[in-house]
Structure formats: structure tokens, C-alpha cells
Amino acid sequence: MIAYGRQSIDSEDIVAVADVLGGDYLTTGPKVVEFENALAQKCGVKYAVALSNGTAALHIGAKTIIKAGDKVLTTPISFVATANSILYQNAKPIFVDVDDSANIDLNLCEDALKKDNSIKAIFAVDFTGKCVDPDGLGFLKERYGVRILEDAAHSLGSTNLAKGSDLATLSFHPVKHITTGEGGAILTNDEEIYKHSKLLRGHGITRDPSEFVLGDEAFGGDGKPNPWYYEMQTLGFNYRITDFQCALGISQLAKLDKFVNRRKEIAATYDEKFKSSDLISPLYRFDFDSSYHLYIAMIDFEKAGVDRKELFARLNGKKIYPQVHYIPINMQPYYKSLGYDPNDTPKALRYYRQCISLPIYPDLTDDLQEYVVSALFGVLGA
């Protein structure tokens, strides 16, 4: 089976996990901090908070920078979790159309900010691994006083990751650049966001004596903290990640550069194969700064005389399993029930009608990629 994406696990990963399974801590142990420190260093930020999944990262990230009633600009081309995290705060998503790379259009964001000074934040998505322009985000943040959450589930390994935002969120789902099975993280240089995120991750509970409020309960007569003591200081969640997941994450992170380089090689090969086609084109031409979580091919189905359902069926018959990323969020029945209309973002809608995600992952061999390309050309008659 040739899927659009999959994990790359080797013997080093298995040994790393097995070592933790044979140790004292399966969760809330030292591997979590070790993984967080490695992530922060690799991504060039001060702080990282590892979490149970990418949606948990979005939920906590949203909670640190927006509140009920806030208006938030975001993109319709993402997984639903991005916009859902705004709704979790009883805030209001405002869908902004996309640019030619299917990232949120920052010019349209500025237009919206000029018209409505009550907008509080932008939730930008680094779609496919191509980061939303960090200088553009920084400009909007400075000029209009908005907070920036960067959904970076696709962009670990990108050179522009976490450069223009208050915080970035990651996912370690098996199809992402590295995996912990399920997992996620928040990256930030803001100490307040970091501390609040850590508190929310574990039920709102702290065991840090410097943060205790109830001194008479927290400390004994010798002035030292009571060893059993903890305080719940806010309403939090159980979004902890395990030590054996973090052991896998540490092992995978050491291979990130190799993984991303291979993804770039695959993307460049697809570009070369499609350069003379009048039916298939890349969403954007090769971009070294992208970490290529996805490779999106845009198909002229009308000219090809084949619809997308038939294309999928015939590729599936050859054991090739592409995907569509994504159905616009404002097309989903739940969001339509809230009054959203996909026709309000026509460029996103046109993108959706033509896109397919082709296989791209580190273990995809040159021969398998050639097989995918030949099968695609065969179905389209290209």
C-alpha cells in the first residue's frame, strides 16, 4: 500500500521505547522534559510544552491568548481542529480566503483588521509545510495589536517555523514529520504562555513551591514544602503525554533533518515530472523553506475528462491511496449550521475542487514514486 503519508520507524526508535517500558516512569517522568528541551533547541525557541495530541496543543494555545467573545481570523483550508479551538473558547472564527499557496491571505487579513478593530487574533496555518510569511504576521501583530497562533502541524523542520507568532502548535501524528504515535506540543518564547500551558496540561495543578498560594497548608514548621502537597489553581485538562511516547519523539527528532531532506527530494521530483503537463501542476513550485508535510497536485479534471472520485478509485485499484487536504471548514455541516458559507471564500473553494495529496514520506523510494507518477499519468491520459 502506498499511502499519502506514513510513519518511518526503525530499530533505534523501538529500542528507545523499550528502554522506557523497562524503566521506572511510563508517564510524568524525565523523558517528557528531555523531549521538550530537545524540541525547543531544535526549533530555536525558549520553551516547549509536550502534550497528548495536536488538538490539545491548539486547545491550550487558544486558551492562553483568546477569551469568550473574541473575533479570530483563520483559514478555511485546514483540519477542523484549528477553527474548533476558537469555538472551544466561545470565540468567533472569521474565515479569510487563501492565497496561491492555499495559506491564509495576509492582505485580506489586513483588510479585515482595518475594517474591524475588535478582532483580537489570527490563527494562521502553515499549510503543507510552507510557513505563513513570518514578517507579514509580525507586521500585523505590531500594527494592529493582534495575537498570533501558528498552527504548525505541517511545518516542523521549516526554516521559518515560529518566527512571527506568539506561539506555534505541533502535531506528532504518524503522518507528520516525526511521530510519537499521537502527540503534540506548544512552542513559544513567551514565559507567561509557557507557564500557563504547563498548568493547563495537568488539571491546572502545580507542585512548584514558588507558586503555592496556601502557605499554611503547603509548608511545614521548618519552612520546607510538604512532600505530598499540590494545588489546583485553575481549571485544566489531562493533556499529558507519556514518557515512552517522548522517548520515541526524541529518537525521531534526531532524524528530522534527514526526513525533511528526503521529503524535499520527493517534492522536487514531482515538480520535474509535472513541469510539461497541462493537466497536473504543483500547488506551488519547489520552495526550499517548506518542510513538505504534503505534496499537493492541482488537477484539471475537466480537461482530463476524469472526475476525482474515478481518479481515486483507479489509483486505489493500483494500491495507491492519495487524499484530499482539506474540505473547507466552512463547508462542514456544523459550521454551515452556524451561518458560515464556503462561497464567502471562493479561492479556497476552487482550490478544494482541484487538489489531491500525493504520497510523500521518507521511506517512499524512487521506484515507488515513479510508479505513482506513471499511474497518475495513466489514469489522466497525460
(message) Condition check: in contact (Cβ under 8 Å) with a residue 60 or more places away in the chain, surrounded by fewer than 14 Cβ atoms within 10 Å (Cβ to Cβ) and over 27 Å from the mean Cα position of the chain (by Cα). Does G317 satisfy that?
(response) no
(message) Taking the criterion of being within 25 Å of I266 (Cβ to Cβ) and assigned to a loop (DSSP other than H, G, I, E, B), would at least one residue in segment 133-149 satisfy it?
(response) yes
(message) Condition check: buried (at least 22 other Cβ atoms within 10 Å of the Cβ), of a type outside the set (S, T, Y), within 12 Å of the chain's Cα centre (by Cα) and not in a strand (DSSP E or B). Does I178 satisfy that?
(response) yes
(request) Could you please tell me which pairs satisfy a Cβ distance under 9 Å, a separation of 6+ or placement on different chains, a first residue in segment 209-238 that is assigned by TED's automatic domain parsing to the domain that holds K195 and surrounded by 14 or more Cβ atoms within 10 Å (Cβ to Cβ), and a second residue that is among the basic types (K, R) and part of a helix (DSSP H, G or I)? (result) G236/R201; F237/R201
(request) Scan segment 257-294 for residues that are crowded, with 18+ Cβ neighbours inside 10 Å, outside any loop (DSSP other than H, G, I, E, B) and of a type in the set (A, V, I, L, M, F, W, C) and jot them down. (result) F259, V260, I266, A267, F274, I280
(request) Output yes when any residue across segment 220-232 is touching a Phe, Trp or Tyr at 6+ places or on another chain (Cβ under 8 Å) and part of a helix (DSSP H, G or I), and no when none is. (result) no
(message) Going residue by residue through segment 47-63, is there one that turns out to be over 16 Å from A168 (Cβ atoms), crowded, with 19+ Cβ neighbours inside 10 Å and out of contact with any strand residue (DSSP E or B) (no Cβ under 6 Å at 6 or more places or on another chain)?
(response) yes
(message) Restricting to segment 150-167, name every residue that is without any contact (Cβ under 8 Å) to a residue 40 or more places away in the chain and either among the small types (G, A, S) or outside any strand (DSSP E or B) (or both).
(response) A152, K163, G164
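The values are calculated or read from the model by the stated rules, or taken from the named source; none is laboratory data. Just so it is clear, the model here is predicted, and its values are computed rather than measured. Heads up, the Cβs are rebuilt from the backbone with ideal geometry, glycines too, and the neighbour counts pull from every protein chain shown.
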